[in-house]
Amino acid sequence: MKVLIVDDHALIREALHAVLKQLKREVVVFEASNSRQAMHIVEEHPDISLILLDINLPDRDGFSVLRELRDRYPTVAIIILSSSDDQDTVKRAFELGALGFIPKTTEREVMLNAIKLVFSGGIYIPSEILEETTSPHLTTKPAPRDSPKSLGLTDRQIEVLGLLMKGKSNKSIANILNMAVPTVKNHITVVLKALNVTSRTEAVIKVGKMGWELPPKSES
């Protein structure tokens, strides 16, 4: 398994390298201090599984890097690292396809668990972000639900929700599920309405609160 750390601070890269070594699997770690190096490494190693991306890079806006990586390498999991954890920054990261958001002040054990969660197909949202969410759609405590089917979602819609939770675009979901993009859009509309949210980001946060384990879908 290959992982790329993108951060302009050597001490941060060193600390993340140490965290990754605690994973119970063989990990090959690459490091980049700016976006140009990062893109070169990914081009040379398109089989990278995970990218830990600092949102504040010296040569380029981290959000634009996230957008390009998501467009060019849709199967690579990306976790955002940031010294800022304000709501706008977090929401934008998830809207652009990040599967995790880790404040740099996060304790090492929590960081390790976050990385493990993303590796297992989940999405990591810091607990403090969930607690401080101000959207009226999200502050309401979700009613107890055993599963997405309790909301009236079909198996197909649950598959769409699972891929949406992984940050997949409509086109990627359509390819994976072998359906037309307009059909995917219709399913997402139904899913958002069932969750009583208005955006994909709000859906990610709300499902994270509910703690559902969505069935994995092969992306081959």
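The values are calculated or read from the model by the stated rules, or taken from the named source; none is laboratory data. Note that this is a predicted model, so its numbers are computed, not measured. Cβ atoms come from the backbone with ideal geometry, glycine included; neighbour counts cover every protein chain shown.
Does Lys149 count as modelled with pLDDT of 70 or more, buried (at least 19 other Cβ atoms within 10 Å of the Cβ) and assigned to a helix (DSSP H, G or I)? Spelling it out, it is not the case that Lys149 is modelled with pLDDT of 70 or more, buried (at least 19 other Cβ atoms within 10 Å of the Cβ) and assigned to a helix (DSSP H, G or I). Condition check for Met179 on (1) modelled with pLDDT of 90 or more; (2) part of a helix (DSSP H, G or I): one failure, at (2).
Selection of region 104-130 for residues being over 11 Å from the mean Cα position of the chain (by Cα) and touching a residue at least 24 places away in the same chain (Cβ under 8 Å) yields Lys104, Arg108, Met111, Leu112, Lys116, Pro126, Glu128, Ile129, Leu130.
Taking region 170-191 as the range and being out of contact with any helix residue (DSSP H, G or I) (no Cβ under 8 Å at 6 or more places or on another chain) and either in the same structural domain as Tyr124 (by TED's automatic domain parsing) or hydroxyl-bearing (Ser, Thr, Tyr) (or both) as the test, only Thr189 passes. Considering region 182-220, and only residues there that are part of a helix (DSSP H, G or I) and touching a Ser or Thr at 6+ places or on another chain (Cβ under 8 Å), the residue that is modelled with the lowest pLDDT turns out to be Ile205. Here Ser35 clears all of (1) closer than 18 Å to Met111 by Cα; (2) at pLDDT 95 or above; (3) among the hydroxyl-bearing types (Ser, Thr, Tyr) except the condition numbered (1).
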